[in-house]
Amino acid sequence: VRPGYQGLINVKGLPQNAIVKITDTNGTLIYQGRATGGQLSWDGYGMQGRRPDSGVLFVFASTEDGGERLVCKIFFIR
């Protein structure tokens with residue numbers, strides 16, 4: 001995600017109604033939401049209302065058995 005980008009960030013191919021967590025490399029939760037129709041749309045703002053620092057963000061999705069798996073990485077440049 002480049003500096004100045006203000007559109008939605010979409011993660012596709014997720015399990016239906018999966019709980020999706022976006023974390024930084026330290027494991028700090030940046031955002032949490034629910035996949036609708038196998039997709040999560042995120043505006044790029046964290047739960048505190050600010051954009052994350054530059055770096056790699058990890059996207060985890062819950063599985064049907066209650067586990068979590070890494071589904072992708074997002075490189076965020078502020």
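The values are calculated or read from the model by the stated rules, or taken from the named source; none is laboratory data. All of these numbers come straight from a predicted model, not from anything done at the bench. Here the Cβ positions follow ideal geometry from the backbone for every residue, glycine too, while neighbour counts run over all protein chains shown. For accessibility, only protein heavy atoms count, side chains too; no ligands or nucleic acids. Shrake-Rupley method; radii C 1.70, N 1.55, O 1.52, S 1.80 Å.
For the stretch 52-64, taking the residues that are in a loop (DSSP other than H, G, I, E, B) and more than 21 Å from residue 39 (Cβ to Cβ), the one that is most open to solvent (accessible area, probe 1.4 Å) is identified as 53. Could you please let me know if residue 78 is in a loop (DSSP other than H, G, I, E, B) and either among the small types (Gly, Ala, Ser) or open to solvent by less than 50 Å² (accessible area, probe 1.4 Å) (or both)? It is false that residue 78 is in a loop (DSSP other than H, G, I, E, B) and either among the small types (Gly, Ala, Ser) or open to solvent by less than 50 Å² (accessible area, probe 1.4 Å) (or both).
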